[in-house]
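To start, the structure under review is shown below, and the notes come after it.
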Amino acid sequence: MTDIGRNWNEFHKTDIAEKLAFFSREGRLYDCLFSQQFDRGMLDHIFSVADRLRAATKTKAGADKVASLLSEKRAMLYFVQPSTRTFLSFLNACHILGLKTSEIRDTSTSSELKGESPEDTVRTFSSYVDMIIMRHPVPGFVEKTAWVMNRAKRPVPIVNGGSGKDQHPTQALLDVYTIHRSLAGGVDGKTIVMVGDLKRGRTVRSLSYLMKNYSDVRLIFVSPPELRMEADILDSLRRHGIPFEETQDFAAAMPRADAIYMTRIQDEHDVAGESKAVDYGRFCFRAEHLKAIKPTAVIMHPLPRRHEIEVSVDEDDRAVYWRQERNGMWVRAALIACIFGVDAKIPAAKS
Ligand code: NCD
């Protein structure tokens, strides 16, 4: 136990760079909490493991072998905020590797209703399982769980499936994996346009943090003035020398984009319905825009969508959000395999 781990409030305030070791074990990632935990080597490795998993599980023999890799392990999915894709992709990622799963999706079905603290509730899960994957509305709560569990007699790894409006690191992994698979030359040298509610969207925050791992990337943030990207992200980009622009002019940004990343308005974070006044129509991608973007560009969205992308755009080959969603399952399975150290046992993809 390092000294910085003794007091939660001090620990929480400590710079992430200083606490990375606390969330790793035996030279491997243990808890997955923040995008800042990933370096280029780790990202390339996770993506190659995801590619190997896809290939290995195409046959019954391969799928059975992969499903035996973690068949002695159990995972708990504690998702107390709405989720479709993240929940289902983690659930199926666990099943691909043979992990058995249990779930809580509503605190009204747990003893939290009897007054048990959320910290005690998650500690209870760890008595029964070997990993906790969680989504929680309170930023910092997932990190606190990892802090509690790392100090417990029987620690288990914690994976962040979305923490309030703060971070969603595994979404960022699947987003970068999607760009890596879709664009010639991968992420390096690309211009990524992020559009919409950048202030409260945890996906764009985590994705921005991952950009330090790529060279010659340019970011264009397109948002209504009320929903601009927060200063902590902009400061981090400046520190890493990643050029970015902020604009409201989506039409001008479109032809420059290699990847266009659309997001919905995150009105669940409204305090008094303030985003009702935002003119979001200018931050939507419509079929008429298809002729304005590069023939090689990709259109992405973490989903769920409301009106940010017109449904007829789905038919264009450059719309990759449904593939992006499936990539989430493979990349999450790869991440879990790496956390448990069984990544080397996944057979190499046949060429
Ligand atoms: C995102 C989330 O939950 O932050 N969804 C997801 O995980 N795919 C984006 C959103 O809800 O807008």
>> Residues to consider are R202, R181; find the one that is open to solvent by 10 Å² or more (accessible area, probe 1.4 Å) and touching a strand residue (DSSP E or B) at 6+ places or on another chain (Cβ under 7 Å).
In response: R202
> Which of (1) closer than 30 Å to V66 by Cβ; (2) aromatic (F, W, Y); (3) modelled with pLDDT under 95 is the odd one out, the single condition Y280 does not satisfy?
Replying inline: (1)
> Any idea which of (1) surrounded by fewer than 18 Cβ atoms within 10 Å (Cβ to Cβ); (2) part of a strand (DSSP E or B) is the one T124 doesn't satisfy?
Replying inline: (2)
>> Step by step: first the residues of region 253-265, then only those that are within 22 Å of G189 (Cβ to Cβ) and open to solvent by 10 Å² or more (accessible area, probe 1.4 Å), then the one that is farthest from the chain's Cα centre (by Cα). Which residue is that?
In response: P255
>> I need the full set of residues from region 222-276 which are part of a helix (DSSP H, G or I), over 23 Å from A292 (Cβ atoms) and within 16 Å of the ligand (Cβ to nearest atom), in order please.
In response: I233, D267, E268, H269, S275
> Are there any pairs with C-beta distances below 6 angstrom linking a residue in region 84-108 that is over 9 Å from M329 (Cα atoms) and modelled with pLDDT of 95 or more to a residue that is surrounded by fewer than 14 Cβ atoms within 10 Å (Cβ to Cβ) and not basic (K, R), with the two at least 6 apart or on different chains, and if so which?
Replying inline: G98/S68; G98/S71
>> So the check is Cβ under 7 Å with 6+ separation or different chains; which pairs have a first residue in region 315-342 that's among the aromatic types (F, W, Y) and a second one that's assigned to a loop (DSSP other than H, G, I, E, B)?
In response: Y321/H301; Y321/L303; F340/L70; F340/K73
> Which one of these does F250 not meet: (1) surrounded by 18 or more Cβ atoms within 10 Å (Cβ to Cβ); (2) not assigned by TED's automatic domain parsing to the domain that holds D197?
Replying inline: (2)
> Does region 64-95 hold any residues that are open to solvent by 30 Å² or more (accessible area, probe 1.4 Å), away from the ligand (no atom under 16 Å from the Cβ) and in a helix (DSSP H, G or I), and which are they?
Replying inline: D64, K65, H95
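Results for (1) touching a Pro at 6+ places or on another chain (Cβ under 8 Å); (2) within 20 Å of S206 (Cβ to Cβ), shown as yes or no for each residue.
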site	(1), (2)
H240	no, yes
F244	no, yes
D249	no, no
D270	no, no
A292	yes, no
A297	no, no
P304	no, yes
> Does any residue of region 34-54 turn out to be among the small types (G, A, S), more than 20 Å from the chain's Cα centre (by Cα) and more than 17 Å from Q167 (Cβ to Cβ)?
Replying inline: no
> Pick from R286, R218, R238: which is under 24 Å from D317 (Cα atoms), surrounded by fewer than 14 Cβ atoms within 10 Å (Cβ to Cβ) and among the basic types (K, R)?
Replying inline: R286
> In region 1-60, which helices (runs of 4 or more DSSP H) lie fully inside it and hold 3 or more residues that are modelled with pLDDT of 95 or more and open to solvent by 50 Å² or more (accessible area, probe 1.4 Å)?
Replying inline: 40-56
> Does E315 satisfy the condition of being open to solvent by 60 Å² or more (accessible area, probe 1.4 Å), touching a strand residue (DSSP E or B) at 6+ places or on another chain (Cβ under 9 Å) and under 21 Å from E288 (Cβ atoms)?
Replying inline: no
>> Quick check on this structure: which one of H180, H168 is within 14 Å of the ligand (Cβ to nearest atom) and in contact with a helix residue (DSSP H, G or I) (Cβ under 9 Å, 6 or more places away or on another chain)?
In response: H168
> Among the residues of region 277-336, how many are among the polar types (S, T, N, Q), more than 13 Å from the ligand (Cβ to nearest atom) and in a helix (DSSP H, G or I)?
Replying inline: 1
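The values are calculated or read from the model by the stated rules, or taken from the named source; none is laboratory data. This is a predicted model, so every value here is computed, not measured. Every residue, glycine among them, receives a Cβ derived from its backbone with ideal geometry; neighbour counts consider all protein chains shown. Ligands, DNA and RNA are stripped out before the accessible areas are found, and what is left, the full protein with its side chains, is counted by its heavy atoms. Shrake-Rupley method; radii C 1.70, N 1.55, O 1.52, S 1.80 Å.
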